[in-house]
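Participant: Provided herewith is a single structure, encoded as structure tokens, for subsequent inquiry.
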Amino acid sequence: AQLHYSVPEDREPGFSVGDLAKDLGVEVRSLAARNLRLVSEGGQRHFQVDLAAGVLLLDSRLDREALCGQSPTCSLHLQLVMENPLQLHRVEVEVLDVNDNAPQFPKPEVVLEITEVANPGTRLPLEVAEDPDMGSNSISTYELSPSKHFALSINVRGDGVKMPEIVLEKALDREKVPVHHLTLTALDGGNPVKSGTARVTIHVLDANDNPPVCDPPISKVLLEENVPVGTLVTKLNVTDLDEGPNGDVEYSFKTSNNAPGKFTKLFSLDARTGEIRTKAPLDYEESSAYEIAVRARDKGSPAMEGHCHLRVELIDINDNSPEIVLTSVSSPVQEDAAPGTVIALIGVKDSDSGDNGQVRLHIAKELPFKLVSSFKEHFSLVTSGPLDREKASGYNITVRAVDSGSPQRATQKTFYLRIADVNDNAPNFSSPFDTAHVQENSLPGTSVFSVSASDPDEGNNAKLSYSILDNGMQDAPISTYFRIDQDNGTIYTVRALDYEQDKVFQVPVEVKDAGSPALSSTAMVHVFVLDENDNAPNIVYPSVPKGSAFHQAIPALAEPGYLVTKIVAVDADSGHNAWLSYQLQESAEALPFQVERRSGEIRVAQALRESEDSHRLVVEVRDNGTPSLSSSVVIVISPEENGVQDFSKSLDLPQPSSEDTNLTLYLIISLVSISLVSCVMFGLVAARC
């Protein structure tokens, strides 16, 4: 928004310029909270803000003439900056002119000369009075004290300045009145009217009765700024009808009220030829035009003079580059900032005029930002799309300003905008499923596996902690079997594991970041318990108490190959640790029996003699583990005449239980699942590679 106020230049400090709170549409009590502050574009502080009342106050007494000189309008530009949300308001304060200056002539006394042969109508130019006030408070008219021979004529110059001249109305007689004393009064248009006077002394001279005449008396020249020093501006065309010294003209500058004496520093005048040249660089931005007054005086006695008025108007060239001003930058900005969020307030200005001062701002198209014009020469940089700190943690934003001159001039300014992290990414495990193996009977605290996760966020949003979830798949909570280091994700055993009791564990692991709100994800670790040969073979048949022997009767005439009995044993271990072999322990006598190594069947190896007594066999059952474990049973075989046995009835072999069958089924399902998951993971890795 832009506010406009006006204040007379003579007001004292503390004068209320305007009600900011009312005009901005905000409550007075919110101004302090929103950190309302005042920024003067000119660098000087003339105003202050009363936050308690919400009004703009005058900080120092203003002098319009010192601030703006002869400019027809005088405005001071301020900027109001408020935060939460960030807003910029422009305030234009027009300084109104007060009639506080009286007209004043450059010299308090003016001495003029006129020949006695001058004809009625002869004009004598007078010094123009100066009044720093503007408009109606500037010089309004001139008055001349009553005279029988002279009257006052007022001409208006091209720039509106009124030029007084004394006009001869009645022929002069030097012998009667050689000198005339008059009073010239300059009046302004203020209320009350102020005035200034100058004494005019006119000496009546003889002879030289033709003054130099400029043709034309008022002229205009167009000149480009920054022309080389010494460039010819114009050559005055002055004629004098007299001859000899009375027609020999000399030129000199005459100061004017536009810029008294200033143009003499920029232009030089050849006193003999009347050529006006530049003697210093001209700057359109400093002044767009100069009024030059030249006095042409002949060498007659008395000398006569004419006056030439030249207006030099400068043509602006594009010699100033645009200037970029960063009024405010909000850095860092949250990565979840909505499109349209104001990032920075940017001002631009160009001292040139017209198209040379028309400036356009640009930023790179690939940036997620855009420029929005707030009002003339002020822009807002806003977000135009979503921000993602994980893709870009910050942006080097280059703002380029280009004017419309020919050739164009450009400037640029770069600033860095940091993107603040928001917890918008959940932690990710390197693999959602993992497989680990641990030996049974391992000591508590044995390291089983290490899971790893990553989080693309930063700071607390990327600080991870690991924990184990209870899935209820075991009889006891999973935390009684395993624990995890919450910092590095290493899984340890809590107690020794028994393969015969639990062959596989599903350990669900959760990783959680420290953001707010916290985000998490889970992974499943399948821990397979590896069997250890910790169980000796158990002889199921024949079942005899420890230290006892099993008695078996066979026919006395049993032939070789006759099945005496069968040893049945089981091993709680698995794999190689459960592979059993049967053998007879060596004895001092040769036995007519043999045992099958794999089946455990005891058969007659050679024909029995009728006189043979019973035989004592020690059968050893040994597994294939490392180290190997074994069990043994003592069998006493007695040959009898009627020793016939229904072996199928006596051999009571144990049948597999439903629990063993279910366990085998679970193992098969687990192996198939792990194989499928491994195939899928290998396929994903291959596709990504």
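Participant: Go through the stretch 174-208 and report how many residues are under 23 Å from residue 129 (Cα atoms) and open to solvent by less than 30 Å² (accessible area, probe 1.4 Å).
Facilitator: Result for the stretch 174-208: 12.
Participant: Quick test for you: out of 470, 498, pick the one residue that is in a loop (DSSP other than H, G, I, E, B) and within 30 Å of residue 631 (Cβ to Cβ).
Facilitator: Criteria check complete, one pass: 498.
Participant: Same structure, new question: Can you tell me which residue within the stretch 514-544, out of those that are over 30 Å from residue 425 (Cα atoms) and part of a strand (DSSP E or B), is least open to solvent (accessible area, probe 1.4 Å)?
Facilitator: Ranking the qualifying residues of the stretch 514-544, first place goes to 529.
Participant: Here are some residues: 216, 281, 211. Which one is exposed (fewer than 13 other Cβ atoms within 10 Å of the Cβ) and closer than 24 Å to residue 162 by Cβ?
Facilitator: Result: 216 is the single residue among 216, 281, 211 that is exposed (fewer than 13 other Cβ atoms within 10 Å of the Cβ) and closer than 24 Å to residue 162 by Cβ.
Participant: Let me ask you something else. From the list 523, 549, exactly one residue is in the same structural domain as residue 434 (by the TED database), among the small types (Gly, Ala, Ser) and in contact with a strand residue (DSSP E or B) (Cβ under 7 Å, 6 or more places away or on another chain). Which is it?
Facilitator: The conditions single out 523.
Participant: Can you pull out the strands (runs of 3 or more DSSP E) entirely within the stretch 308-395 that have at least 3 residues that are among the aliphatic types (A, V, I, L, M), under 22 Å from residue 80 (Cβ atoms) and out of contact with any helix residue (DSSP H, G or I) (no Cβ under 9 Å at 6 or more places or on another chain)?
Facilitator: 323-329, 342-349
Participant: Okay, next question. Among the residues of the stretch 30-51, is there at least one that is surrounded by fewer than 18 Cβ atoms within 10 Å (Cβ to Cβ) and touching a helix residue (DSSP H, G or I) at 6+ places or on another chain (Cβ under 8 Å)?
Facilitator: So far as the stretch 30-51 goes, no, none of its residues is surrounded by fewer than 18 Cβ atoms within 10 Å (Cβ to Cβ) and touching a helix residue (DSSP H, G or I) at 6+ places or on another chain (Cβ under 8 Å).
Participant: Follow-up question, since we're still on this one. Answer yes if at least one residue in the stretch 309-320 is β-branched (Val, Ile, Thr), open to solvent by less than 10 Å² (accessible area, probe 1.4 Å), closer than 30 Å to residue 370 by Cα and in contact with a strand residue (DSSP E or B) (Cβ under 7 Å, 6 or more places away or on another chain), and no otherwise.
Facilitator: no
Participant: Within the stretch 354-384, restricting attention to residues that are more than 24 Å from residue 89 (Cα to Cα) and more than 13 Å from the chain's Cα centre (by Cα), which residue is most open to solvent (accessible area, probe 1.4 Å)?
Facilitator: 365
Participant: Residues of the stretch 395-410 being in contact with a strand residue (DSSP E or B) (Cβ under 7 Å, 6 or more places away or on another chain), open to solvent by less than 20 Å² (accessible area, probe 1.4 Å) and not charged (D, E, K, R), which ones?
Facilitator: Once the filter is applied, which keeps residues that are in contact with a strand residue (DSSP E or B) (Cβ under 7 Å, 6 or more places away or on another chain), open to solvent by less than 20 Å² (accessible area, probe 1.4 Å) and not charged (D, E, K, R), the stretch 395-410 yields 397, 399, 401, 402.
Participant: Residues 598, 609: which one is closer than 30 Å to residue 439 by Cα, out of contact with any helix residue (DSSP H, G or I) (no Cβ under 6 Å at 6 or more places or on another chain) and either surrounded by fewer than 12 Cβ atoms within 10 Å (Cβ to Cβ) or outside the structural domain of residue 544 (by the TED database) (or both)?
Facilitator: Every option except 598 fails the conditions.
Participant: Just for strands (runs of 3 or more DSSP E) wholly inside the stretch 211-279: which have at least 1 residues that are without any contact (Cβ under 8 Å) to a residue 12 or more places away in the chain and under 15 Å from residue 292 (Cβ atoms)?
Facilitator: 267-269
Participant: Of all residues being hydroxyl-bearing (Ser, Thr, Tyr) and crowded, with 17+ Cβ neighbours inside 10 Å in the stretch 243-258, which is modelled with the highest pLDDT? Just the residue, please.
Facilitator: 251
Participant: Has the stretch 221-243 got at least one residue that is within 30 Å of residue 101 (Cβ to Cβ) and outside the structural domain of residue 138 (by the TED database)?
Facilitator: No - not one qualifying residue is present in the stretch 221-243.
Participant: Would you point out the residue of the stretch 323-370, among those that are of a type in the set (Asp, Glu) and in contact (Cβ under 8 Å) with a residue 24 or more places away in the chain, that is farthest from residue 286 (Cα to Cα)?
Facilitator: Looking at residues that are of a type in the set (Asp, Glu) and in contact (Cβ under 8 Å) with a residue 24 or more places away in the chain, I get 336.
Participant: Here is a further query. Say we look at the stretch 483-496 and pick out the residues that are open to solvent by 10 Å² or more (accessible area, probe 1.4 Å) and among the hydroxyl-bearing types (Ser, Thr, Tyr); which of these is nearest to residue 571 (Cα to Cα)?
Facilitator: It comes out as 492.
Participant: To continue, here is another question. Considering only strands (runs of 3 or more DSSP E) fully contained in the stretch 70-142, which possess at least 3 residues that are without any contact (Cβ under 8 Å) to a residue 40 or more places away in the chain and closer than 27 Å to residue 34 by Cβ?
Facilitator: Counting at least 3 such residues, we get 75-82.
For (1) over 29 Å from residue 394 (Cα atoms); (2) outside the structural domain of residue 238 (by the TED database); (3) among the β-branched types (Val, Ile, Thr), each residue gets a yes or a no:
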{"position": "297", "(1), (2), (3)": "yes, no, no"}
{"position": "330", "(1), (2), (3)": "no, yes, no"}
{"position": "345", "(1), (2), (3)": "no, yes, no"}
{"position": "356", "(1), (2), (3)": "yes, yes, no"}
{"position": "368", "(1), (2), (3)": "no, yes, no"}
{"position": "373", "(1), (2), (3)": "no, yes, no"}
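Participant: Is the stretch 619-635 home to any residue that is open to solvent by 40 Å² or more (accessible area, probe 1.4 Å), at pLDDT below 85 and closer than 19 Å to residue 548 by Cα?
Facilitator: Within the stretch 619-635, none of the residues are open to solvent by 40 Å² or more (accessible area, probe 1.4 Å), at pLDDT below 85 and closer than 19 Å to residue 548 by Cα.
Participant: Quick one: in the stretch 429-459, of everything that is of a type in the set (S, T, N, Q) and assigned to a loop (DSSP other than H, G, I, E, B), which residue is nearest to residue 356 (Cα to Cα)?
Facilitator: Checked the stretch 429-459; the qualifying residue nearest to residue 356 (Cα to Cα) is 430.
Participant: Restricting attention to the stretch 560-591, report how many residues are over 22 Å from residue 541 (Cβ atoms) and either of a type in the set (Ser, Thr, Tyr) or buried (at least 17 other Cβ atoms within 10 Å of the Cβ) (or both).
Facilitator: Total satisfying the criteria: 1.
Participant: Hey, does the stretch 497-513 have a residue that's crowded, with 20+ Cβ neighbours inside 10 Å, among the aromatic types (Phe, Trp, Tyr) and within 21 Å of residue 674 (Cα to Cα)?
Facilitator: Within the stretch 497-513, one or more residues are crowded, with 20+ Cβ neighbours inside 10 Å, among the aromatic types (Phe, Trp, Tyr) and within 21 Å of residue 674 (Cα to Cα).
Participant: Could you identify the single residue in 335, 323 that is among the charged types (D, E, K, R), open to solvent by 20 Å² or more (accessible area, probe 1.4 Å) and over 30 Å from residue 273 (Cα atoms)?
Facilitator: 323
Participant: Which of the residues belonging to the stretch 417-428 are in a strand (DSSP E or B) and open to solvent by 30 Å² or more (accessible area, probe 1.4 Å)?
Facilitator: 418, 428
Participant: Next question, about the same structure. Can you spot a residue in the stretch 157-170 that is without any contact (Cβ under 8 Å) to a residue 40 or more places away in the chain and open to solvent by less than 20 Å² (accessible area, probe 1.4 Å)?
Facilitator: The answer is yes, given that some residue of the stretch 157-170 is without any contact (Cβ under 8 Å) to a residue 40 or more places away in the chain and open to solvent by less than 20 Å² (accessible area, probe 1.4 Å).
The values are calculated or read from the model by the stated rules, or taken from the named source; none is laboratory data. Note that the structure is predicted; figures quoted are calculated from it, not measured. Quick reminder, even Gly has a Cβ in these numbers, built from the backbone with ideal geometry, and neighbours come from all protein chains shown. Protein only, heavy atoms only, side chains kept; ligands, DNA and RNA dropped before computing areas. Shrake-Rupley method; radii C 1.70, N 1.55, O 1.52, S 1.80 Å.
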